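Every number in this text was worked out from the coordinates using simple rules, so none of it is lab data. Nothing here was measured: the structure is a model prediction, and the numbers come from that model. No Cβ is skipped: glycine too gets one built from the backbone with ideal geometry, and neighbour counts run over all protein chains shown.
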Amino acid sequence: MTDKDYNPSLATTDSQIRGQELFSKLCSDCHRLNKDQKDGNEMRGVCDRIPKGDWFKRFVLNSVNLKKSDDPYSLKIDHDFQSDYEHNFKKLSDKDIEDIYNYLRLW
Ligand code: HEC
């Protein structure tokens, strides 16, 4: 197991399986699921700590815009992790985002 490994056997519904595929293609270069948060890339428990509602979607589609709206949580992680990276996955559909979220909820 490397840090980047994730556990495919967790995904069981069609949505989770699709979410897992998208996550492994688009997100797993940076994000690790099986670790608690230290440098912003560990995502275990992520859905419990991020704001509810459409926060996840807005952040993944365009984190710059979200910060510009003075969203406190995105400003906080920006400050905590001091990374220059911005999320800008404009091409993802609502269903793509929902599937990734359903997969992340497993962690
Ligand atoms: C090039 C590296 C990189 C890629 C690719 C990436 N992220 Fe991130 N992500 C980060 C960094 C760095 C942070 C820490 C906060 C920040 O700097 O914006 C972060 C933070 C997050 C957070 C908040 C985590 C928390 O613990 O609060 C979520 C949710 C997230 N990313 C989702 C995604 C999703 C979903 C994808 C794929 C569609 C993705 N990221 C792709 C680097 C990346």
| query | Under 5 Å between amide H atoms, partner at least 5 residues away or on a different chain: which partners does Lys35 have, H built in plane at 1.01 Å? | reply | Met43, Arg44
| Mean ellipticity per residue at 222 nm, deg cm²/dmol - from DSSP H runs of n ≥ 4 across the chain, formula -39500 (n - 2.57) | -13000 deg cm²/dmol
| So what's the convex hull volume per residue for the Cα atoms of the range 11-104, in Å³? | 97
| field | Principal-axis tilt of helix 72-81 within the chain, Cα atoms, nearest 10 degrees | value | 80
| remark: Length gained, Asp80-Arg44, 0.36 nm per residue minus C-alpha separation, equals 11.2 nm
| task | Among the GluC sites (Glu not before Pro) in the range 1-86, which ones are in a DSSP loop with at most 16 other Cβ atoms within 10 Å of the Cβ? Mind listing them? | result | Glu86
| field | the chain: angle of helix 14-26 to the longest principal axis, Cα-based, in degrees nearest 10 | value | 60
